[in-house]
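**Student:** Could you have a look at this structure, given as structure tokens, before my questions?
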Amino acid sequence: MNDFTLNTLFLLSNAETRSICAENPMGERGGGATASPDANHPASMLGKPWKVRPCITLPAGGTTTLMDVAGPGVIQHIWITVDTKAYRETILRMYWDNEVTPSVEVPLGDFFANGHGLRYNVTSLPVAVNPSGGFNIYWPMPFAQRARITIENEYPEAIDGFFYQITYALTDVPDNAARFHAQWRRSLTTREYPEHVILDGIQGQGHYVGTFLAWTQMSNGWWGEGEMKFFMDGDGQSPTICGTGTEDYFGGAWGFNGETYSTAFLGYPLYRKAEGEVPRHGLYRWHVMDPIRFKRDLKVTIQALGWWPHGKFQPLTDDIASVGYWYQAEPHAAFPPFPPRHERYSR
């Protein structure tokens, strides 16, 4: 498996590049642009190779397979764009090497750091969302025998205009290559227990590489005094890694001073408080340069704390959705049951 940087880009490789899209759904050599237009198609005057099948329709209540290929190989880039109604209504799942349960199970928008069912730009190294709703992800995703990616549409109607491109390399994968994982959770914190669990029950050896939060405030005032905590390898009540505050973990300071930002590894790209709405926030941190390594188990949490007027921490009742991203050796522990559609509503 090649590690490409600008310093190694000139090196030759035996890897073979393939790319899956609606025009070549199996990524086959010489298999692109083979659909024929009918008389009513925009390409009818041009013929067969001229943008005949650039997108697909996701059937209501159905699951569509986007990728199912044999390995070994590494997914290098995924690009998707679709209407915002798909962001929380469709579920993206990824399966490696003939596993029965998915290693990735996340609503489409949240996977690309677009939470709350909203569209906004993200400018980072592994994830980029460009105008207007162009989802890009560069997390490398190795597989040995097989890679399968599906998307389930739980919207009550078919979703037209689903565009996608999955680029991968057929290449050797080393024995110590961990598999990519991502898990979505949502909770309503309470005054009695103002903490949101991002991951729990992770078993095996691996490293945590990213956090995305879609945070909805239920009250006015500062909401980000809580600490990020990583419990690993047998930790009890006390974590091995403990942050100093929400904005600190995401690379900001002093309540963000009311500003949003989006950088290579850390960002606060969304702050929205429209008339008649509660405040909503979107935040990410990618542990690319500082992966959090664990040998046996991992639990990740974040607190929801503000301030009482008399200068004491106030436990908050907030609505927090999250994606935790990590690599680990398979097999992975079972994910919790995925929340039904009504528990994913963002408005």
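**Student:** Step through the residues of region 67-78 one at a time and calculate ³J(HN,Hα) from phi using the Karplus curve (6.51 cos²θ - 1.76 cosθ + 1.60, θ = phi - 60°), rounding each to whole Hz and writing x for Gly and Pro.
**Tutor:** Per-residue couplings from phi come out as 8, 7, 10, 8, x, x, x, 9, 6, 10, 7, 10 Hz.
**Student:** Which aspartates and glutamates, on any chain, are close to K51 with Cα under 18 Å apart, when same-chain ones fewer than 8 places away are left out?
**Tutor:** E23, E28, D38, D160
**Student:** Just the Cα atoms of region 1-174, one point each, no solvent: what log10 I(q)/I(0) does Debye give at q = 0.14, 0.17, 0.20 Å⁻¹?
**Tutor:** -0.83, -1.17, -1.42
**Student:** What does the extension gain come out to for D233 and H342, with contour length at 0.36 nm per residue minus their alpha carbon separation?
**Tutor:** Stretched out fully, the D233 to H342 stretch lengthens by 35.7 nm.
**Student:** Same structure, new question: Kindly state, to the nearest 0.05, the FRET efficiency for R29 paired with I292, given R0 = 41 Å and r defined as their beta-carbon distance.
**Tutor:** Working: r = 40 Å, r/R0 = 0.97.
Step by step, r from the Cβ atoms, then E = 0.55.
**Student:** Suppose we flag GluC sites (Glu not before Pro) only when DSSP calls them loop and at most 13 other Cβ atoms lie within 10 Å. Which is the longest uninterrupted stretch of the chain?
**Tutor:** Working: sites that count: E28, E157, E192, E259, E275, E277.
By the stated rule (loop sites, at most 13 other Cβ atoms within 10 Å), 29-156.
**Student:** What is the sum of charges, Lys and Arg at +1 and Asp and Glu at -1, for the other residues whose Cβ falls under 12 Å from the Cβ of G234?
**Tutor:** In short, 0.
**Student:** As a check on your grasp of the helix formula, calculate [θ] at 222 nm for the chain: sum -39500 (n - 2.57) over DSSP H runs of n ≥ 4, divide by the residue count, round to the nearest 500. Intermediate results must be reported in sequence, preceding the final value.
**Tutor:** Working: 2 runs with 8 residues, N = 347.
For the chain, the value works out to -500 deg cm²/dmol.
**Student:** Further question on the same structure: Tell me the relative contact order for the chain as a rounded percent, counting alpha carbon contacts under 8 Å between residues six or more apart.
**Tutor:** Numbers: 869 pairs, mean separation 73.0, N = 347.
Contact order relative to length: 21 percent.
**Student:** May I pose another question? Starting from the Cα-Cα distance between H207 and N130, subtract it from 0.36 nm times their residue separation and give me the gain in nm to one decimal. Write down the numbers at each step before the final one.
**Tutor:** Details: separation 77, 0.36 × 77 = 27.72 nm, distance 2.80 nm.
Difference between extended and current length: 24.9 nm.
**Student:** So what are the ³J(HN,Hα) numbers for region 268-275, from phi and the Karplus equation (6.51, -1.76, 1.60; θ = phi - 60°), rounded to whole Hz, Gly and Pro as x?
**Tutor:** Per-residue couplings from phi come out as 10, x, 10, 9, 9, 9, 6, 4 Hz.
**Student:** Can you pull the one-decimal nm distance between simple spin-label points at A158 and T17, each 7 Å off the Cα toward Cβ?
**Tutor:** Roughly 3.4 nm, to one decimal.
**Student:** Moving on. Rg over Rh of region 226-321, using C-alpha atoms and the Kirkwood radius, what does it come to?
**Tutor:** On the way: Rg = 15.2 Å, Rh = 15.2 Å.
Computed over Cα atoms, the ratio is 1.00.
**Student:** Explain nothing, just compute: Karplus ³J(HN,Hα) = 6.51 cos²θ - 1.76 cosθ + 1.60, θ = phi - 60°, for every residue of region 141-152 in order, whole Hz, x for Gly and Pro.
**Tutor:** 10, x, 8, 9, 9, 6, 10, 10, 10, 10, 9, 9
**Student:** Further, regarding this structure: If a paramagnetic tag sat 7 Å from the Cα of N220 along the Cα-Cβ line, which residues of region 304-345 would have the backbone N under 16 Å from that point?
**Tutor:** Within reach of a label on N220: 307-310.
**Student:** While we're here: Spin-label point model (7 Å from Cα, Cβ direction): what's the H77 to T8 distance in nm?
**Tutor:** Going from the H77 label point to the T8 one covers 1.8 nm.
**Student:** Let me ask you something else. Multiplying the sequence separation of I241 and K85 by 0.36 nm and subtracting their Cα-Cα distance, what value in nm do you get? Please list the in-between numbers first.
**Tutor:** Details: separation 156, 0.36 × 156 = 56.16 nm, distance 3.73 nm.
Extending this stretch completely gives an extra 52.4 nm.
Taken together, the values in this text are just the output of simple stated rules run on the coordinates, not laboratory data. Quick caveat: nothing in here was measured; it's all calculated off a predicted structure. We place every Cβ from the backbone using ideal geometry, glycine too, and count neighbours over all the protein chains shown.
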